[in-house]
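Student: Can you keep this structure in mind? I'll have questions shortly.
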Amino acid sequence: MKWFVITLCIAFLFTGLYLHLWKYMIGSEYRVGLFIVPILLMANVFLGIYYNLSVWYKITDKMYWGIIITVIGAVITLIGNYVFIPKYEMLAGATVTMVCYGTMVVVAYLVGQKYYRIPYAWKKLTAYIVIMLLVFWLNNTITDYFSGFWLKTVIATFFMLGFIAFIAGVEKRELKNLPILSKFLK
């Protein structure tokens, strides 16, 4: 789970920090919706974590929990979209999706620990996600003051490499044990 979350964080930042670049790969008429991309990225971080967590109900032959958790997510989605989309439009759809998947993560974890306890390093995983969000926020706060494409790219690259260096520093012991990286991390 730890390396999966690290990969999700890097993917989130790679996409989110360079939105000023990715926007040129879609039609200009669709760029108005780019503001929801980070919300959907976070929703997919939650969804990925949920898929990892959902192993417990498959292993323990308690598949009915998968149905219950899915129904909880569906109810959140239906009610949230019905209530909020008329006023907040696509922002509501993205936010409700994120809340749905986040709730599914919490329920799957709490129930899963009862039936099949797995000692996830939640403090570290949560810290990585929070730091990822802070890096994203800080990058956007700084680059809002600049209009230059290349300057935004340099700043995004600084934050991206800084996050990767931070992860490498924290996980140095495990990374040293990987044959492909051991010669670089001595």
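The values are calculated or read from the model by the stated rules, or taken from the named source; none is laboratory data. Quick caveat, the model's predicted, so the values are computed rather than measured. Neighbour counts run over all protein chains shown; Cβ positions are idealised from the backbone, glycine included.
Student: How about the range 72-102: which of its residues are among the polar types (S, T, N, Q) and buried (at least 18 other Cβ atoms within 10 Å of the Cβ)? Walk me through how you get there before you give the answer.
Tutor: Filtering the range 72-102 down to residues among the polar types (S, T, N, Q) leaves 77, 81, 95, 97.
Selection gives THR95, THR97.
Student: Still on this structure, I have one more. Looking only at helices (runs of 4 or more DSSP H) that fall completely inside the range 126-186, which ones have 3 or more residues that are touching a residue at least 24 places away in the same chain (Cβ under 8 Å) and within 25 Å of ILE39 (Cβ to Cβ)?
Tutor: Details: elements: 149-170, 172-176, 179-182.
By residue number, 149-170.
Student: Next up: Looking at this structure, is LEU78 assigned to a helix (DSSP H, G or I), modelled with pLDDT of 95 or more, farther than 15 Å from VAL5 by Cβ and of a type in the set (A, V, I, L, M)?
Tutor: On the way: assigned to a helix (DSSP H, G or I): yes; modelled with pLDDT of 95 or more: yes; farther than 15 Å from VAL5 by Cβ: yes; of a type in the set (A, V, I, L, M): yes.
Spelling it out, LEU78 is indeed assigned to a helix (DSSP H, G or I), modelled with pLDDT of 95 or more, farther than 15 Å from VAL5 by Cβ and of a type in the set (A, V, I, L, M).
Student: Go over the candidates LYS58, LYS23 one by one and state the one that is exposed (fewer than 15 other Cβ atoms within 10 Å of the Cβ), basic (Lys, Arg) and under 30 Å from TYR120 (Cα atoms). So that I can check it myself, show each step before the final result.
Tutor: Numbers: LYS23 fails: under 30 Å from TYR120 (Cα atoms).
The conditions single out LYS58.
Student: Taking into account only those residues within the range 131-156 that are surrounded by fewer than 13 Cβ atoms within 10 Å (Cβ to Cβ), within 21 Å of the chain's Cα centre (by Cα) and not aliphatic (A, V, I, L, M), which is farthest from GLU171 (Cα to Cα)?
Tutor: THR141
Student: Next question, about the same structure. Just to check your reading of the model, which residue among ILE69, ILE49 is under 29 Å from GLY162 (Cβ atoms), surrounded by 19 or more Cβ atoms within 10 Å (Cβ to Cβ) and β-branched (Val, Ile, Thr)?
Tutor: Details: ILE69 fails: under 29 Å from GLY162 (Cβ atoms).
Answer to the selection: ILE49.
Student: Could you look through the range 112-130, keep only residues that are closer than 14 Å to VAL45 by Cα and surrounded by 15 or more Cβ atoms within 10 Å (Cβ to Cβ), and pick out the one that is nearest to the chain's Cα centre (by Cα)?
Tutor: ILE129
Student: Does MET42 meet the test of being under 17 Å from the mean Cα position of the chain (by Cα) and either surrounded by fewer than 18 Cβ atoms within 10 Å (Cβ to Cβ) or on the phi < 0 side of the Ramachandran plot (or both)?
Tutor: Values: under 17 Å from the mean Cα position of the chain (by Cα): yes; either surrounded by fewer than 18 Cβ atoms within 10 Å (Cβ to Cβ) or on the phi < 0 side of the Ramachandran plot (or both): yes.
Here the answer is yes, as MET42 does meet what is asked.
Student: Next up: Check TYR109, TYR50 and return the single one that is under 30 Å from ASN140 (Cα atoms), hydroxyl-bearing (Ser, Thr, Tyr) and under 18 Å from the mean Cα position of the chain (by Cα). So that I can check it myself, show each step before the final result.
Tutor: Details: TYR109 fails: under 30 Å from ASN140 (Cα atoms).
Going through TYR109, TYR50 in turn, just one is under 30 Å from ASN140 (Cα atoms), hydroxyl-bearing (Ser, Thr, Tyr) and under 18 Å from the mean Cα position of the chain (by Cα): TYR50.
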